[in-house]
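Read the structure below first, then the notes.
The values are calculated or read from the model by the stated rules, or taken from the named source; none is laboratory data. The model shown is predicted, which means the values in this text are computed figures rather than measured ones. Please note: Cβ atoms are built from the backbone with ideal geometry, for glycine as well, and neighbour counts cover all protein chains shown.
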Amino acid sequence: MASLGSIRRSFAPWADPAAKPYIRFENISKVFGTHTAVDDLSLTIYEREFFVLLGPSGCGKTTLLRMLGGFEQPTSGRVLLDGQDLRGVPPYRRPVNMMFQSYALFPHMSVEKNIAFGLKQEGMAKPQIAERVERMLKLVKLESYAKRKPHQLSGGQRQRVALARSLAKRPKVLLLDEPLGALDKKLREETQFELMDLQHELGLTFVIVTHDQEEAMTMADRIAVMDKGKLLQVATPAEIYEAPSSRFVAEFIGSINTFEGHLTEKTAGAARFRDKSGAVFNVSLGAGAADGDAVALAIRPEKMQISRERPADAVNAIDGEVWDIAYLGDMTLYNVRLDDGRIVKTSMINSRRTVEDALTWHDRAWVSFAPDAGVVLSR
Amino acid sequence: MRRHLAPILSRIVIWVPYLWLLALFLVPFFIVFKISLSQTAIAMPPYLPTIDFSEGWAAVRESVSEFSLDNYFWVFGDPLYINAYLSSLKIAAVSTVLALLIGYPLAYGMTRAPESLRSILLMMVILPFWTSFLIRIYAWIGILKPEGLLNQFLLFLGVIDQPLIILNTNTAIYIGIVYSYLPFMVLPLYAALEKMDYSLVEAAQDLGCTPLMAFWKVTFPLSLPGVLAGSMLVFIPAVGEFVVPDLLGGSETLMIGKTLWSEFFANRDWPVASAVAILLLLILVVPIVYFQRVQAKARESEV
């Protein structure tokens, strides 16, 4: 069977009807004054899952995370963790720990004391605390920084201390609020993989909030895309990218071309799509939209080919003028301006070092794509 | 031209505060210090020797040779002064603790109030300064005296059947000092608490602290610079306080400010009064220097 996005997952409890839900949000709403931050939302997260809440700022993702941490109480609905209703359970009695966006390291305590803080509260014996702290420091590779104060550390080191502190108590669930926001790109990419390895190693359930889609794609087992307090789609990164369920999800993740139009001549699994400029494309189609429905055809840039002449075997093709070219090294982006002024984005992997008769600005070019290259979106 | 002028100008700017301190602090200090080394006399001014530069260098030298530390020995020899110092320190210390106990919850409540309300609350803390300090202390006489507002109110409620004697006791002094200096306690505390990141408290709770423990382990230690600043701002002026003990205190209340005043005006013994003042300054320099060092340290660790 074909897998979406050239990746096959062996860990997929969400596809298993017998899997036991670990965290459940049931019809959760949260209202601040007149603003509804979370709107009648239900969501299931499974044990050992690396779950990412993704959305633009103000979409309610942080509120959702804070309700799990116990810092906000839902206006209605309930949160269950491992079968236990968390209503009225204060943060200090929840078996979850949070890594705060600002890291929230205690400035008056050394790295060591910061990590030991939660263990001391638990009443753990001193030798065990020392041992656990040492293990945590080793885990985040900060053994030689134990005596430093947070202000003597770099941003990346602080982030590691915050991570070590939130992991020290061995929580059932680790909540991370924009954990990598303050790091520069290179460090962020490194840390993403470290977090994934760590999660795998410790067998914990991670719930991460982020607005960075690349981060979400890299780390998540599943992503929940949120907007205006509602869940738009909960799926694996590949499904979110290759089979978005709505225009918002399609446009929020990566770049995409959307053609507005309607369907004609619908048959089983296929249809013709008439673009509003009059061009007709052959598209594959799942269930859903009916003949004549106004829909959008969404196609990722890398699913389209660009060529000087119309390829002889092309099913769908449209021509225009090369308007902009961006050479990124691994790939080149072409913006092609159609005759009605719309821009179509395509990209080409630079799998060869030299190209004969390469395109340049203002050349006429054809953009072609297969019937199953795009997704037909009715929402 | 401008390039040559700039360093000179910046040096002049730096000198302005120094000149200010020189003219208004150091010079008066040395004048008082000089008087403290003189002897009292029925003269104008009421002490000897006076230095008269018009009589030549030899006369000045002779005057200087008459200086002595007798007044200091006198002050140390008389338990009246020692007791006045000790009692001042005690009253100032107790007032500081009381102001802290009242001021801390006040400042904490202000920082937790909705943002729109905070500036109003801050305004209300500062508002008393719009009325003269002296008038406010006089108002307390009207409240605390046996037939005053407080007693009338308590009698009306039936809580007491005899008026309480508060005025002219140490209790009245504590009330007066705490009332007067409370804003100096609240403002630095507010500043320290307001800039604190509330997510630190959430982090403490997340790691297993009850709200009370989180306060004790995180909020309070982080507000210590504010506690120290507020305490100094209350303690230092309270030690030398004169108006409050004079107007609200009784005759048995010994405070160094009052003693100093009576040496100066009632006894007309300027040299002893000066010695008392110099010693008071020395006593207060110690906590001030300590305070400065702690502040410098706090700044260092903030970067």
**Message:** I'm told residue A:226 meets every condition in (1) surrounded by 18 or more Cβ atoms within 10 Å (Cβ to Cβ); (2) in a helix (DSSP H, G or I) except one. Can you identify the failing condition by its number?
**Reply:** (2)
**Request:** Would you point out which residue out of A:64, A:80 is farther than 25 Å from residue B:197 by Cα and away from chain B (no Cβ under 14 Å)?
**Result:** A:80
**Request:** Report yes if residue B:213 is facing chain A (nearest Cβ under 8 Å) and either among the aliphatic types (A, V, I, L, M) or surrounded by fewer than 18 Cβ atoms within 10 Å (Cβ to Cβ) (or both), otherwise no.
**Result:** yes
**Item:** Exclusive hit being free of Cβ contacts under 8 Å to residues at least 24 places away in the same chain and of a type in the set (Val, Ile, Thr), set B:173, B:166
**Value:** B:166
**Request:** May I ask you to say which residue of B:286, B:294 is β-branched (Val, Ile, Thr) and within 14 Å of chain A (Cβ to nearest Cβ)?
**Result:** B:294
**Request:** Sort through B:245, B:225 and tell me the only one that's more than 14 Å from chain A (Cβ to nearest Cβ) and in contact (Cβ under 8 Å) with a residue 12 or more places away in the chain.
**Result:** B:245
**Complete:** Those residues of segment A:144-156 that are more than 13 Å from chain B (Cβ to nearest Cβ) and either within 14 Å of residue A:198 (Cα to Cα) or at pLDDT 90 or above (or both) come to a total of 4
**Request:** Among the numbered conditions (1) in contact with an Asp or Glu (Cβ under 9 Å, 6 or more places away or on another chain); (2) among the charged types (D, E, K, R); (3) under 21 Å from residue A:94 (Cα atoms), tell me where residue A:147 comes up short.
**Result:** (3)
**Message:** It is to be established whether one or more residues within segment A:17-29 are in the same structural domain as residue A:222 (by TED's automatic domain parsing), over 21 Å from residue A:232 (Cβ atoms), among the small types (Gly, Ala, Ser) and surrounded by fewer than 19 Cβ atoms within 10 Å (Cβ to Cβ).
**Reply:** yes
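Quick grid of which residues meet (1) closer than 15 Å to residue A:54 by Cα; (2) free of Cβ contacts under 8 Å to residues at least 12 places away in the same chain; (3) touching a helix residue (DSSP H, G or I) at 6+ places or on another chain (Cβ under 8 Å):
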{"residue": "A:230", "(1), (2), (3)": "yes, no, no"}
{"residue": "A:235", "(1), (2), (3)": "yes, no, no"}
{"residue": "A:238", "(1), (2), (3)": "yes, no, yes"}
{"residue": "A:252", "(1), (2), (3)": "yes, no, yes"}
{"residue": "A:269", "(1), (2), (3)": "no, no, no"}
{"residue": "A:273", "(1), (2), (3)": "no, no, no"}
{"residue": "A:279", "(1), (2), (3)": "no, no, no"}
{"residue": "A:297", "(1), (2), (3)": "no, no, no"}
**Prompt:** Can you find a residue in segment B:184-195 that is at negative phi, within 14 Å of chain A (Cβ to nearest Cβ) and among the charged types (D, E, K, R)?
**Reply:** yes
**Criterion: away from chain B (no Cβ under 14 Å), touching a helix residue (DSSP H, G or I) at 6+ places or on another chain (Cβ under 7 Å) and of a type in the set (A, V, I, L, M, F, W, C) - qualifying residue of A:43, A:53** = A:53
**Asked** Quick check, is residue B:93 out of contact with any Ser or Thr (no Cβ under 9 Å at 6 or more places or on another chain) and within 26 Å of residue B:169 (Cβ to Cβ)?
**Response** yes
**Prompt:** In segment B:252-269, which residues are free of Cβ contacts under 8 Å to residues at least 24 places away in the same chain, in contact with a helix residue (DSSP H, G or I) (Cβ under 7 Å, 6 or more places away or on another chain) and of a type in the set (A, V, I, L, M)?
**Reply:** B:260
**Complete:** Among residues of segment B:114-138 being hydrophobic (A, V, I, L, M, F, W, C) and surrounded by 14 or more Cβ atoms within 10 Å (Cβ to Cβ), the residue farthest from residue B:181 (Cα to Cα) is B:121
**Asked** Can you name the residue in segment A:150-171 that is touching a strand residue (DSSP E or B) at 6+ places or on another chain (Cβ under 9 Å) and part of a helix (DSSP H, G or I) and, of all such residues, is farthest from residue A:22 (Cα to Cα)?
**Response** A:159
**Message:** Which residue is surrounded by the fewest Cβ atoms within 10 Å (Cβ to Cβ), if the candidates are limited to segment A:172-197 and must be part of a loop (DSSP other than H, G, I, E, B) and acidic (Asp, Glu)?
**Reply:** A:184
**Message:** Can you report the number of residues in segment A:321-347 which are closer than 18 Å to residue A:298 by Cα and part of a strand (DSSP E or B)?
**Reply:** 11
